[in-house]
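Just below is one structure, and these are the notes that go with it.
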Amino acid sequence: GLLLLRLVEAPRLPGSIAARALSAIFAAGPLEIVLHLGAMSTVVWLARGRRAPGIVVAAALLVVFHLAGGGLEQPGRLIALIVLANGAIGLVLGWIYAAYGFEFVMLGHAVAHIVTVVGG
């Protein structure tokens with residue numbers, strides 16, 4: 001992920017490394033509650049227990065969230081990276097939630113966030 005950010009010449013994130021790392025609490029917690037406990041669980045319930053539709057919806061919402069935060073104002077190559085990378089991690093996080101539960105998806109999201117923002 002960090003290599004791809006450098007390849008598309010993504011701008012460096014503002015703030016200290018500590019502040020960016022601590023932002024994982026706010027990134028992983030509320031977002032996972034909305035995406036997986038809320039949206040994915042509801043879609044799985046509506047789909048009568050089928051997990052795949054819920055995983056795809058949660059991944060799509062993760063992409064929308066990251067684009068809504070100013071992502072559409074970035075160069076095209078960075079928008080493509082936002083869509084592809086967040087879509088891929090969204091699918092992985094959805095699978096983690098379905099397979100292992102909420103605590104593990106929170107941990108996975110927090111670790112991915114810390115690695116990305118500390119390096120970015």
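The values are calculated or read from the model by the stated rules, or taken from the named source; none is laboratory data. Computed from a predicted structure; not experimentally measured. Cβ atoms come from the backbone with ideal geometry, glycine included; neighbour counts cover every protein chain shown. Keep in mind that these areas ignore ligands, DNA and RNA; they rest on the heavy atoms of the full protein, side chains included. Shrake-Rupley method; radii C 1.70, N 1.55, O 1.52, S 1.80 Å.
Quick check: anything in region 81-91 open to solvent by 70 Å² or more (accessible area, probe 1.4 Å) and in contact (Cβ under 8 Å) with a residue 24 or more places away in the chain? Yes: one or more hits.
So which residues in region 1-38 are of a type in the set (G, A, S), over 14 Å from the mean Cα position of the chain (by Cα) and surrounded by 15 or more Cβ atoms within 10 Å (Cβ to Cβ)? Full working, then the answer.
Here is the first cut: in region 1-38, the ones of a type in the set (G, A, S) are 1, 10, 15-16, 18-19, 21, 23-24, 27-29, 38.
Add one more test, that the residue is over 14 Å from the mean Cα position of the chain (by Cα), and what stays is 10, 15-16, 18-19, 21, 38.
Matches in region 1-38: A10, A21.
When you look at A18, is it in contact (Cβ under 8 Å) with a residue 12 or more places away in the chain and not in a loop (DSSP other than H, G, I, E, B), yes or no?
On the way: in contact (Cβ under 8 Å) with a residue 12 or more places away in the chain: no; not in a loop (DSSP other than H, G, I, E, B): yes.
Considered against the rule, which asks whether it is in contact (Cβ under 8 Å) with a residue 12 or more places away in the chain and not in a loop (DSSP other than H, G, I, E, B), A18 comes out as no.
In this structure, A59 does satisfy being within 28 Å of P11 (Cα to Cα), within 13 Å of the chain's Cα centre (by Cα) and either part of a helix (DSSP H, G or I) or free of Cβ contacts under 8 Å to residues at least 60 places away in the same chain (or both).
Does V105 qualify as being under 18 Å from V44 (Cα atoms), part of a helix (DSSP H, G or I) and either open to solvent by less than 70 Å² (accessible area, probe 1.4 Å) or in contact (Cβ under 8 Å) with a residue 24 or more places away in the chain (or both)? Criteria met by V105.
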